[in-house]
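One structure is given here, and the rest of the page talks about it.
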2 protein chains.
Amino acid sequence: MSRIWKQRTAEAKALAEPMSSTIARLKTSLTESNSQGLLLGCSVLFAATTDQTELLLRTCFGRPIISAENNKDKQWFQLSLEEAIYLSSILKCMKLVRENNKSANDEELWRHLMLSNKSNFPVLFKAYSHLRMKNWLVKSGSQYGVDFVAYRHHPSLVHAEYAVIVLSDEGESSKNKRLNSWSDLHCTLRLCGGVVKTLLVLHVRRRKGNDGLCISRLDDYIVEERVVSRWNPKKRSNDGGEGIEKEEII
Amino acid sequence: MSRIWKQRTAEAKALAEPMSSTIARLKTSLTESNSQGLLLGCSVLFAATTDQTELLLRTCFGRPIISAENNKDKQWFQLSLEEAIYLSSILKCMKLVRENNKSANDEELWRHLMLSNKSNFPVLFKAYSHLRMKNWLVKSGSQYGVDFVAYRHHPSLVHAEYAVIVLSDEGESSKNKRLNSWSDLHCTLRLCGGVVKTLLVLHVRRRKGNDGLCISRLDDYIVEERVVSRWNPKKRSNDGGEGIEKEEII
């Protein structure tokens, strides 16, 4: 399925503002202001300046919280754990603190997550950061019954291109696994076709080491990307004719 | 979701020809002609007379096979195993024979199925016969990633009302179970909404005895019916407000 732009001018707009440069600006801005995110349960609160608000909105990190507080210079954002940890551990431009104002280091954070019923989090985070590092915008896919949806640029310009399901042989995520039965696969593909997304299956696999996935060992794991799509003999007369193909999305 | 008729006159047509009486006529016709179905792998072949052809088409049993054989009095039908065993073991109007022309009794048939990679068959058959006995027309649901779809009358008159998923704690069907993760449930519900079907989950449970489900012990098992639908407070202001309800479809 090809990229679907929302307006005629959208592609030109997107080319004029590559996502990588907007993310670089966000990173600089957050680093310079010594940003702190407050860890509250399974989300993170962050007070953004006017500039940062614009950059967070343009890069799809978190969602603004509407509050009674009337402070024009400060906008509260609620970040998901994937988003906050990506900003803190991968982009290294935000510090996460707990309610007692003590900073939470990566390992503490990880333990907190494992204990708080988010045992599947490491695998989801690996997949999330894998896509983000390739400058895809990643949002929750719960609306379509998948883990994430991936956009090539801002959702105001382009429709989500991929519906992403994350699989792994690690821990909890190996149980109750998606796409384990034909009827589940049929259901997912039919839905993806209906909402004009391509199904992207990310398989998080261990490359080396015997310990479980954690924040300091993200590189021990690789992500295998598989696009599942209907084979169209007219469109693909030159390839091997595989219904399931493996492709790199960059 | 209410029943959706395909034409304005469809409901009157359906009321004039209740499915139960058409099935009764099929049963009489097949019994009187000592019908024999030929078991070939995972389907059954049956040569129908002109009358039987019409009745089989109207009750959605099997599908006619187009062949070079030019015999106006005989039409070959391919029946699925569920359909053939329902006709032979529940309606008792068809005898199943194997290639060597020996008749296959129920237990032999069941063993054949268990050996031929259809280990989930007993549970699917229990669900299939449960719906058929209530005069629903049941067809494969693979198009929508579910086990069956159920029609209140012939598909030429009415759209399928229910998308049916069969669950069980028995044998193979307890593994790789559908609807075990939220994302699978979201996906299925979103698809059902899109194709205007209601999700019906049939849970096949053991009532008594310790042996596995087989054709002679169908009554030891009960089918729990659950409809999963979005709760609409406007439509259901008088009930308890449960998003998941249990209802009997007759």
Give the nm distances, rounded to one decimal, from B:GLU54 to the matching residue in every other copy, measuring between label points 7 Å along Cα toward the beta carbon; shortest first. 7.6
Which ³J(HN,Hα) values, rounded to whole Hz and listed in residue order, are derived for segment B:49-64 from phi using the Karplus coefficients 6.51, -1.76 and 1.60 in 6.51 cos²θ - 1.76 cosθ + 1.60 with θ = phi - 60°, glycine and proline given as x? 6, 4, 4, 4, 4, 4, 5, 5, 5, 6, 9, 6, 9, x, 9, x
Segment B:133-174: relative contact order as a whole-number percent, Cα under 8 Å and 6+ apart: 30
Where a ≥ b ≥ c are root eigenvalues of the Cα gyration tensor, a/c under 1.5 meaning rounded, otherwise prolate if a/b exceeds b/c and oblate otherwise, segment A:43-171 counts as oblate
Phi-based couplings in Hz for segment A:83-94 (Karplus 6.51, -1.76, 1.60; Gly and Pro marked x): 5, 5, 6, 5, 5, 7, 9, 9, 7, 6, 10, 9
I want to verify the translational diffusion coefficient of segment B:13-117 in µm²/s; compute it with Stokes-Einstein, Rh as the Kirkwood radius over Cα pairs, at 20 °C and 1.002 mPa s. 150
When the solvent-accessible surface of protein heavy atoms is calculated with a 1.4 angstrom probe, in what order do A:ILE215, A:ILE66 fall, highest first? A:ILE66, A:ILE215
Helix A:19-32 sits at what angle to the longest principal axis of chain A, using alpha carbons and giving 0 to 90 degrees rounded to 10? 20
May I ask you to report, in nm to one decimal and beginning with the shortest, the distances from B:THR28 to the same position in the other copies, taking label points 7 Å along Cα-to-Cβ? 8.7
Helix-only [θ] at 222 nm, chain A, -39500 (n - 2.57) per DSSP H run of 4+, per residue, nearest 500, equals -8500 deg cm²/dmol
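Of all DSSP beta bridges located in the protein assembly as shown, what percent are antiparallel, nearest 5?
Antiparallel bridges: around 75 percent, rounded to the nearest 5.
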Roughly how many debye, to the nearest 20, is the charge dipole of segment B:13-117 about its Cα centre, given +1 on each Lys and Arg Cβ, -1 on each Asp and Glu Cβ, and no other charges? 80
Under-5 Å amide H pairs with B:LEU91, H placed in peptide plane, nonlocal only: none
Shape call for the protein assembly as shown, from the Cα gyration tensor axes a ≥ b ≥ c (a/c under 1.5 means rounded, otherwise prolate when a/b beats b/c, else oblate), comes out prolate
Taking a threshold of 18 Å on the Cα-Cα distance, which of the pairs B:LYS6/B:LYS197; B:LYS102/B:LYS126; B:LYS27/B:LYS95; B:LYS126/B:LYS197; A:LYS177/B:LYS177 fall above it? B:LYS102/B:LYS126; B:LYS126/B:LYS197
Would you mind checking the tilt of helix A:121-133 against the longest principal axis of the Cα atoms of chain A, expressed as 0 to 90 degrees and rounded to 10? 80
I need the inter-copy label distances for A:LYS72: point set 7 Å along Cα to C-beta, values in nm with one decimal, smallest first. 9.0
Search the structure for amide H atoms under 5 Å from the amide H of B:ALA48, placed 1.01 Å from N in the peptide plane, and list their residues when 5 or more places away or on another chain. B:GLN75, B:TRP76, B:PHE77
Karplus-derived 3J(HN,Hα) from phi for segment A:152-157 (6.51 cos²θ - 1.76 cosθ + 1.60, θ = phi - 60°), whole Hz, x at Gly and Pro, runs 6, 8, 5, x, 6, 9
Residues whose placed amide H lies under 5 Å from that of A:LEU96, excluding near-sequence neighbours: A:GLY37, A:ALA104
In square angstrom, rounded to the nearest 10, how much accessible surface does B:MET94 have for a 1.4 Å probe? 10
Tilt, helix B:182-194 to longest principal axis of chain B (alpha-carbon atoms), in degrees rounded to tens, equals 70
What does the average come to when, for each residue of peptide B:186-198, you count the partner chain Cβ atoms lying within 10 Å of its Cβ? 5
For chain A, what mean projected area does the convex hull of the alpha carbons give, in nm²? 15.9
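The values are calculated or read from the model by the stated rules, or taken from the named source; none is laboratory data. If you're wondering where the values come from, they're calculated on a predicted model, not measured in any experiment. Backbone-built Cβ (ideal geometry, glycine too); neighbour counts: all protein chains shown. Areas reflect the complete protein model, heavy atoms only, side chains present, ligands, DNA and RNA absent. Shrake-Rupley method; radii C 1.70, N 1.55, O 1.52, S 1.80 Å.
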